[in-house]
Every structure is written in C-alpha cells, then in structure tokens.
Amino acid sequence: MTDNIDTTPIGLLTDKVVFITGASRGIGAAAARLFAREGAAVVLAARSSDALDRIVSEIRADGGVADAAALDLADRASIRAAVNRVEELHGRLDGAFNNGAAVQQPGPLDTTSDDDIDEQFAVNFRSHWTAMTAEAALMRHNGGGAIVNTSSIGSRRANPALPAYGAMKRALNSITETAAVTWAPQGIRVNGITPGGTATEMIDAWEAATPGVIEHINASIPLGRMAEPHEVAEVAAWLLSDRASMVTGALVPVDGGAGA
Ligand SMILES: NC(=O)c1ccc[n+]([C@@H]2O[C@H](COP(=O)([O-])OP(=O)(O)OC[C@H]3O[C@@H](n4cnc5c(N)ncnc54)[C@H](OP(=O)(O)O)[C@@H]3O)[C@@H](O)[C@H]2O)c1
C-alpha cells in the first residue's frame, strides 16, 4: 500500500488558527510572522499591547490574518480570557504555541529570591498548565489540534546559573509529555522545543546581569553561533503542522548541537 501524496503546494499552516504567547518580541514575534506567512490566522498574546498591535499591523499589511489578545501569564483568569478571545474571533483553535516566559535574576540556588521562585513557578510553569487545559478544551470542539511548549536547553541538566528557571522548564517538560499521552486519544498532539542560546532580549538581559555569558554560550554551540528567533520558530511551525502528524510527546532540541 502506498501513502496518498497530495502534491498541491500549500503553506505549512494554511487555514489553521494558531494562538501564540510571548508574541510581543523574540521567538514569539518571529513565530507570529512565520506562522502567518505559512497561512495561519494568528492570535498574538503577551502583556505589551503596543508591541502586539505593531506586529499585528505588520502581518495584516503583508496580507495575513492577525489579532492581539493581551494577557499576563501570572494571572490564570487572563490566560483563560485570552483563549476565550480566540474562540470569539475564530470559533476554533488548531494550534497553540505556549512560548512566553520570564528569566530569573541569575545566581546560585542559595540566593535565588522567593519572589523569583514564585514568578518562575507562575509564569514559566503554571501558566502552561492553565493555557494547555483551556486550549485543549477549545481544540476538542473541532476534533483536536497541536500544542507546542517552549522549554529550554536549561531544563535538561543541572542549571547552577538559573536554578528556578531550569526547574520550572523541567516541570514543563513533564506536563508536556503527560498532556501528550492524556490527550492523544482526543487527537491533540503536544510537543516541546528546547532552544539553546537564541539572540533575543532574554539573552541580552542575562548578558547585562552576567557580562560575558553570550561569548560563553556561543563557545558551547557546535554550530558556532546562537539561533536567530525565526530558526526556532521554524521548528514550532513544523510541529504544529499536519506534517508532524505522528510526533507527540517529543522534546525537540533547537540548540545548534549544544545539548549533544
Ligand atoms: N533566548 C534564549 O536564549 C532562550 C533559550 C532557551 C529557551 N528560551 C525560551 O524561549 C521562549 C521565548 O523567549 P525569548 O528569548 O523570545 O524571550 P523574550 O524576547 O524575553 O520574550 C519573552 C516573551 O514572553 C512574554 N512574557 C514574559 N512574561 C510574561 C507575562 N508575565 N505575561 C505574558 N507574557 C509574558 C514577553 O512579553 P511581555 O513582556 O510583553 O509580556 C515576551 O513576548 C521562552 O519560553 C524562553 O524561556 C529562550
């Protein structure tokens, strides 16, 4: 038996409605632009409404379909409200890129502040639980969908410089795999990506707190450089697309070989 191959050239995400958190800059903004170019109607979420509106206008000017839904990932009600906004706008949800996160004040376990631990828990972990649950509920109305969570290379091993960040990203890996297994019978695929160093404001903030860290990261990457945000977004686009139809529960490195 041979697979039936459709040779019509289409965008990777044509006709899909995709919700993206952390879309005001960095990897999320690159993803919003890329997913729209690949044919998705995108809904961009973050706290900075002005930045979201700017990117929405750009995408629309290029002929894409985009809207903004402001949210604070620390606030569960605002996450649910943003997913409800997607339903009001489009009546469905096919893909979700749960990508927003905050970086902690770099420093060892002993001196990580309670405030940092609480923020890392709420923004980098709990938010994904809340978001995935709301997203999956909406996806079920139309027979399923795909979710991609942005974890980090920093989740894979001991993380002496960003201990709370690393712990919450590892916890995110756990619920990513659990959600994949739980929701597979409902047609919902759930995957994670673990980027390595990527040239965004998050890395700039780390460099400001720890001068020299960018040079150190670059030296640790076999491909010899950090990723550009759009290179990370490409992997999320594929995982969200039907071309990844047999991939679920995977944590895909996008790190230039740094984790190898
Ligand atoms: N850059 C790297 O080297 C790297 C490496 C590994 C993993 N990652 C991961 O990649 C993802 C994207 O990071 P990035 O590098 O693109 O960082 P970034 O440029 O700092 O962007 C972070 C995004 O998250 C949003 N965000 C932060 N706190 C939020 C909150 N409380 N509520 C709502 N939105 C919030 C920000 O929007 P507002 O401030 O407008 O709310 C922004 O859109 C994150 O999950 C990060 O952990 C990055």
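Taking the criterion of being of a type outside the set (A, V, I, L, M, F, W, C) and touching a residue at least 24 places away in the same chain (Cβ under 8 Å), the residues of the stretch 240-260 that qualify are S241, R243, S245, T248, G249, P253, D255, G256, G257, G259. Tell me which residues, restricted to the stretch 12-34, are farther than 20 Å from E87 by Cα and either within 6 Å of the ligand (Cβ to nearest atom) or modelled with pLDDT under 95 (or both). Result: S24, R25, G26, I27, G28.
Whenever a residue of the stretch 203-214 is aromatic (F, W, Y), its partners that are assigned to a helix (DSSP H, G or I) and at pLDDT below 95, lying with C-beta atoms within less than 6 angstrom and at least six residues away or across chains, give the pairs W206/V213.
Just one residue in the set R60, R54, R47, R92 is more than 14 Å from the ligand (Cβ to nearest atom), within 17 Å of S24 (Cβ to Cβ) and of a type in the set (K, R); that residue is R60.
The condition of being out of contact with any Phe, Trp or Tyr (no Cβ under 9 Å at 6 or more places or on another chain), within 16 Å of the ligand (Cβ to nearest atom) and not charged (D, E, K, R) holds for only one of N142, N173, N149, that being N173. D110 fulfils the conditions (1) more than 16 Å from A237 (Cβ to Cβ); (2) buried (at least 16 other Cβ atoms within 10 Å of the Cβ) except for a single criterion, (2). Among the residues of the stretch 240-251, those identified as in contact with a Phe, Trp or Tyr (Cβ under 9 Å, 6 or more places away or on another chain) and either charged (D, E, K, R) or surrounded by 17 or more Cβ atoms within 10 Å (Cβ to Cβ) (or both) are L240, A244, T248. The single residue among I175, I193 that is touching a His at 6+ places or on another chain (Cβ under 8 Å) and either at negative phi or among the charged types (D, E, K, R) (or both) turns out to be I175.
The values are calculated or read from the model by the stated rules, or taken from the named source; none is laboratory data. Please read these numbers as outputs of a predicted model, since none were measured by experiment. When we count neighbours, we look across all protein chains shown, and the Cβ atoms used for this are built from the backbone with ideal geometry, even at glycine.
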